Amino acid sequence: MGRFLLVVTLVLSSLVGLPGGTASAKSDAELFIVQLAGDPAGRQEAARARIRADRAAVQQRAGIERTVADYESAFNGFAAALTPQQRARVERTPGVARVWPNERRTVNTVSTPSFLGLSGSGGVWDTEHTGGEGMIIGVVDTGFWPESPSLAPLPEPRPDQAAIDGKWSGRCDPGTGTAQQRVTCNNKVIGARYYDSSGFGGWEGEFRSPRDYDGHGTHTATTAAGLADVPATINGDAVGHVSGMAPAARIAVYKALWRQSDGEGSGGTVDLLEAVDDAVADGVDVLNYSVSGSSSLVVDPIELAFFNAAAAGVFVAASAGNDGPGTSTVAHNAPWAMTVAASTHDRGSAKSVTLGNGKTYAGVGQGPAVPPAPLVDATKAGLAAADPAKVELCYPDTLDPAKVKGRIVLCRRGVNPRTDKSLAVRDAGGVGMVLYNPDENSLNADYHVVPTVHVDQVAGAAIKLYLGGRSPTAALSAVSTATPRAPSVAAFSSAGPAVAGAGDLIKPDITAPGVDIVAGVSPAGHHGNLYDGESGTSMSSPHIAGIAALVRAKHPDWSPAAVKSALMTTAGETDNRDGHIQRAGADATPFDYGSGHVRPSRAFDPGLVYDAGVEDWVRYACGLGQLQQVSDWCPIVGTTDPSDLNYPSIGIGSLPGRQTVTRTVTNVGAQPSVYVASVSAPPGTTVTVEPSTISLGVGRSATFKVTVTRTTATFGAWTFGALTWTDLRGHSVRSPIAARPVALAGPGEVTGSGASGHTPIDLRAGYTGPVTARAFGLAASTVHARKLVGSTAAFVATSPGVSPAVFSFEITVPPGMRIARLATFATDHAPSSDIDLYLYEGGTLVDRSDGTTSDEEIMLTSTGTFEVYAVQFGLPASVTEQEVKAHLFLVDKAAPRSVVVTPPSIRVKPDETASFDVAWSGLDPARRYLGLVEFGDGETGRAWTTVAIGP
C-alpha cells in the first residue's frame, strides 16, 4: 500500500500575532497553512513535478499570487498571508484539503557520554566502531554558532564522504548582515537554513541568518553530534571535556525559532513545517525537534510532517515537554516519533546553604563556598523605580547596589533565565545567590556568575520565614563532586498517560539525560560563554537523536520503527544504585520514563524488534477516531484498536475484565534463536502470553497474543508490569505494560436531537454483579449572546480585554452540580467561523478552548464565580458581524427529569456487555440540553455518560 495523506483539524492555540513584522501589507491578512489533496513527495523526485503543477493550479484558481512557503516533501501544500475573504475562497477551492492558522511554538554534556557507556575502552564508539559516520542529523531549532569548537571541521579525508555526497542535497545559506552575523558551513555542519515567514525574528539582537543568538540550537546540535573530547570552560573555569552522542555524524541546521525580547525562543508552525519539509528533501537521516507540540492530537501539521518524514525513512526524536510533573502533560504522542523524557545523570552537584540560625538546607549548584554574609530577600532589595515583580525574580538592573553589596540574595525562580538572576546579583555587588523554587520543579546546577545554591520550594519557604528575623545571614558550601544516585526523572519532565490515545499507547517512549547538560551555546545569549549547562526535555531529545544515528550507522537497513524498538526494549528501569528509577523520591513509572533509561550499548543487538510502518500508523490514527474526522481513508484501510498497534510497549487505557492484544516481533539477530516469554504482571492482574515460546530464523517474524485480566487491581488506578522475551544468546527484549482496570467501560457521551427520541448505550463490565443506571437532567442551557463585529487575532490570553470582536460575561457554578459545561456550537454560527473560549478565576486563566472551528467546550470542575471571554477569531468572507452564543449547562440532582434510562438495572459478569436505552421527551427542539447517566454497581458510581440533545 502506498503512503497516505493525513489531514486533521487543529485544536491547539489560536493564531498568534506576528512580532517584528507582518505577513502582508494588508492589516487584516494573517498567515495560514494550506494543505492540498494528494500525498507529499517524500524523497521521490518524480512526484515533485506533479505536486508543483497541482499546487500552481490551485493557487491560480484561488487567486493566490504570493506564498511565503511551499511544502512538498513531508507535507503537500503552501503557506500564504490571507485576508478573511481570501481564506474563505481558498477553503472553497477544489484541491484544498484544509486551511490551518499559523501557531506559535516555543523551545522546550561533560559526563553523559561516559554515563551512557559511549566513550572509553569498551564503550559504544570503540566496540561498535561507529561515531555516526555516514549519518546526517537535522536539527530544527534556533540555529548554530559556527565558531563553536564542538562544530569545527572533521579531519580529512572522511571515509564516509561518498555516502554523504550520495544523499545530501541541501545548502548552506549564509544569511545577511556583516561577516560576524552570517554563517559558514564546513564538513561538520554541512547545511544551514533559516525561516521567518511568521515574523518572530524581529527582535533587534537577533541575527538574520542561521547564526544562533539564543544558544538553544547550538546546545541541541552539539549534544547530538558535537565533536568528541573538546575542552570546555564556563565563566572562565574549566569544566571538563564535552562530546556529542554521534561525534562523527554531520549536522544540518534549520533555524525556525528566534530569540524574543522576553528571552523565549519562539517560531511559527508555518516556518517549523517548512524546516521539517526541507530536512526530508535535503536527505537527513535523523531529525531532532526540541520544540513544544500538541498533547491531544497525533495529526496536526507538524505531527503529520513527522509521519511523512518517518515514512521516508527519517528517525524523528521529539521532546516530551517541560510541563511536568502533572499527569497527561506529555506532547508529541504520535507513534511514528520517539518522545523523550528527561532525567538526571551522575555528575555531582550537591551544594547547601546554612543560615545564621544553624539550619542547613540541601540544594545543588556549582562553584566555591561563600563564608557567612548578610542575607537579603530580593523583594527588599529593589530599586525604587523597579517593577516589584521583576525585583523578586532578580531581573537585571532591578536590584539596588546599596542593599545588595556584600550580601547573599534570595531570588525566586521563574520567567527570566536563571543565570540572568545571578548576573543581576553580581552587577549589584552581591557575593552569592540562593535561588528557590516557588512550587515543585527541578533543581538545576547551573553555572552562575556568583556562587549559587538552588533549593526546592520547602527550603525556599523556610528561608523566607527566617528572613523575617533580625540580621539574617547565610553561608554557601562548595560543590560536592560525590557521585549522586542517577538517573532520576526530572520534575519538569512531562508525564503520561497521553491525552491522545487515552493511555492505549504509553508515552513518553524513553528517558535520557536532560538536567544540567553541558554543551555548546551561543556566546551572544550566554554572557560570552561558548559552553553552558542547560536543562529540559530539549536536552534529552538530542541525546536520543545522536544515539539513533549511531544505531542507524550500524544498521542502515533498519526502519525508524525498528531503531525505536531497539532503543526502547533495551532501556533500563534501574539506577546506578541498583534501585528503581526515582521521581520526587518515589518509584517512577512508565508514564514518567516510558520503557526506561536509554542503554545505547544494548540497542545495537536487541535480538527482536517490533516493526511498524505507514499502514499500521494510519489504522492506529483511525482507531483513535482522529483521522476519519477529516479523511476518507479509514473505510478503505480499516482501524486498529489503539492497544493493538505493533509497538514496543503495551498500554490498555480501559480494562473492563480482560483484554487481549496482539504483537509481532522480527529477529534482527545474526543467528536463529528461541525466545521464551516471562511476565511481571501488573499488580492485581494476571497476564498470559500465547505462544510463550517462539523460534525464529534470521529475519523471520512471529505473532503472539498477550491477555491481561484484572483480579484484584483497584478500579480506575493504573498498574504496571512488563513482558520480557529472552534467549540463550544474551538477548533480553523488555516491554512495559500499563493497564487501567475499570468497572465499566462505555461511551463518554451520546448525542441526539428533536423534542423526543432515544439512543443506546452499551457498556463492558469488569465485575460480577448489578449495573444500575440513574439519569440526571436534561438541563437547558443558559445562553450568553452578543453581536460581535469583525474578527481578531490580537486577543492575548494573559492580558484579556474586550473589543468589537470579543465579549465577556460572568458565570457562577454553585455547589451540588453533577456536571457543568461551557460550550459554543458551529451550528449557531456562520460556516467557517472560528470562536474561542477563555475561562478565568480571580483574573487567572484556568482553562481555554481555542480550536479552529466554532465547536468549543470547557468542562467546569470546581464551584465558584468565573469570567468568560468569547473571542471571534475568524469569520467567513461573506460575514462581517454575527451574534455569538455561548451556552452554560448546569446539571444538578434537582434538574427536570426529561431523560429516562432503561432498564434500571442489569446483572453482568466480567467481559459481558450491558445494553441500556436513553430516551428523552418534552423538549424544545430549538434549544440545547445536557444530562448525565451514572452507572453504578449498586453502591458506587463507576461510569458516566453525558447526554447532549440539541439542533
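The values are calculated or read from the model by the stated rules, or taken from the named source; none is laboratory data. Note that the coordinates shown come from a computational prediction; the quantities given were computed from them, not determined experimentally. Backbone-built Cβ (ideal geometry, glycine too); neighbour counts: all protein chains shown.
Values as computed for the structure displayed
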{"item": "Within the stretch 259-281, tally of residues that are small (Gly, Ala, Ser) and at pLDDT below 95", "result": "6"}
{"item": "Test: residue in the stretch 811-831 that is more than 19 Å from Gly752 (Cα to Cα), in contact with a Ser or Thr (Cβ under 8 Å, 6 or more places away or on another chain) and of a type in the set (Asp, Glu)", "result": "no"}
{"item": "Strands (runs of 3 or more DSSP E) (entirely within the stretch 216-269) containing at least 1 residues that are more than 30 Å from the chain's Cα centre (by Cα) and surrounded by fewer than 21 Cβ atoms within 10 Å (Cβ to Cβ)", "result": "230-234, 237-242"}
{"item": "Some residue of the stretch 917-924 being crowded, with 22+ Cβ neighbours inside 10 Å and under 36 Å from the mean Cα position of the chain (by Cα)", "result": "no"}
{"item": "Residue within the stretch 670-679 that is outside any helix (DSSP H, G or I), closer than 20 Å to Asp504 by Cβ and either in contact with a Lys or Arg (Cβ under 9 Å, 6 or more places away or on another chain) or modelled with pLDDT of 95 or more (or both) present", "result": "yes"}
{"item": "Among the residues listed as Ala561, Ala621, the single one being at pLDDT below 95, under 24 Å from the mean Cα position of the chain (by Cα) and not assigned by TED's automatic domain parsing to the domain that holds Thr329", "result": "Ala621"}
{"item": "Top-ranked residue in the stretch 865-889 [being part of a loop (DSSP other than H, G, I, E, B) and of a type outside the set (Val, Ile, Thr); ranked as surrounded by the most Cβ atoms within 10 Å (Cβ to Cβ)]", "result": "Leu875"}
{"item": "Where a residue in the stretch 860-886 is more than 12 Å from Val806 (Cα to Cα) and not assigned by TED's automatic domain parsing to the domain that holds Phe795 and its partner, wherever it lies, is of a type in the set (A, V, I, L, M, F, W, C) and crowded, with 18+ Cβ neighbours inside 10 Å, with Cβ under 7 Å and at least six apart", "result": "none"}
{"item": "Residue count, the stretch 622-641 (criterion: assigned to a loop (DSSP other than H, G, I, E, B) and farther than 15 Å from Gly501 by Cβ)", "result": "5"}
{"item": "Contacts under 7 angstrom Cβ, first residue in the stretch 928-951 being farther than 28 Å from Thr824 by Cα, partner among the polar types (S, T, N, Q), 6 or more apart", "result": "Gly936/Thr772; Gly938/Thr772"}
{"item": "Qualifying position, being touching a Pro at 6+ places or on another chain (Cβ under 7 Å) and farther than 26 Å from Gln872 by Cβ, among Gly754, Gly746", "result": "Gly754"}
{"item": "Filtered residues of the stretch 408-420 (kept if farther than 18 Å from Asp439 by Cα and in a helix (DSSP H, G or I))", "result": "Thr419, Asp420"}
{"item": "Members of the stretch 698-724 that are of a type in the set (Ser, Thr, Tyr), under 22 Å from Tyr593 (Cα atoms) and surrounded by fewer than 20 Cβ atoms within 10 Å (Cβ to Cβ)", "result": "Thr724"}
{"item": "Every residue from the stretch 282-302 that is modelled with pLDDT of 90 or more, touching a Lys or Arg at 6+ places or on another chain (Cβ under 7 Å) and among the polar types (S, T, N, Q)", "result": "none"}
{"item": "Qualifying residue in the stretch 389-407 (condition: surrounded by 19 or more Cβ atoms within 10 Å (Cβ to Cβ), in the same structural domain as Ala362 (by TED's automatic domain parsing), at pLDDT 95 or above and part of a strand (DSSP E or B))", "result": "yes"}
{"item": "Top-ranked residue of the stretch 180-194 - restricted to ones that are in a strand (DSSP E or B) and hydrophobic (A, V, I, L, M, F, W, C), ranked as surrounded by the fewest Cβ atoms within 10 Å (Cβ to Cβ)", "result": "Ile190"}
{"item": "Filter result for the condition that a residue is within 20 Å of Ile819 (Cα to Cα) and in contact with a strand residue (DSSP E or B) (Cβ under 8 Å, 6 or more places away or on another chain), over Ala773, Ala765, Ala793, Ala743", "result": "Ala773"}
{"item": "Enumeration of residues in the stretch 725-749 that are modelled with pLDDT of 95 or more, assigned to a strand (DSSP E or B), out of contact with any helix residue (DSSP H, G or I) (no Cβ under 9 Å at 6 or more places or on another chain) and surrounded by fewer than 22 Cβ atoms within 10 Å (Cβ to Cβ)", "result": "Thr726"}
{"item": "Segments classed as helices (runs of 4 or more DSSP H), wholly inside the stretch 529-607, with at least 1 members that are under 15 Å from Ala342 (Cβ atoms)", "result": "537-554, 590-593"}
{"item": "Count - residues of the stretch 925-948 that are of a type in the set (A, V, I, L, M) and either over 35 Å from the mean Cα position of the chain (by Cα) or in a loop (DSSP other than H, G, I, E, B) (or both)", "result": "1"}
{"item": "Odd one out for Arg907 among (1) in contact with a strand residue (DSSP E or B) (Cβ under 6 Å, 6 or more places away or on another chain); (2) surrounded by 13 or more Cβ atoms within 10 Å (Cβ to Cβ)", "result": "(2)"}
{"item": "Whichever residue in the stretch 154-168 is closer than 27 Å to Val521 by Cα and within 33 Å of the chain's Cα centre (by Cα) and, among such residues, is surrounded by the fewest Cβ atoms within 10 Å (Cβ to Cβ)", "result": "Trp168"}
{"item": "Lys787, sole failed condition from (1) over 24 Å from Val899 (Cβ atoms); (2) surrounded by 15 or more Cβ atoms within 10 Å (Cβ to Cβ); (3) of a type in the set (Lys, Arg)", "result": "(2)"}
{"item": "Selected residue (criterion: farthest from Thr768 (Cα to Cα)) from residues of the stretch 895-924 that are of a type in the set (Lys, Arg) and assigned to a loop (DSSP other than H, G, I, E, B)", "result": "Arg897"}
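Residue-wise test of (1) over 30 Å from Glu881 (Cα atoms); (2) touching a Leu at 6+ places or on another chain (Cβ under 7 Å); (3) among the hydroxyl-bearing types (Ser, Thr, Tyr); (4) at pLDDT 90 or above.
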{"residue": "Arg43", "(1), (2), (3), (4)": "yes, no, no, no"}
{"residue": "Ala49", "(1), (2), (3), (4)": "yes, no, no, yes"}
{"residue": "Arg66", "(1), (2), (3), (4)": "no, no, no, yes"}
{"residue": "Thr93", "(1), (2), (3), (4)": "no, no, yes, yes"}
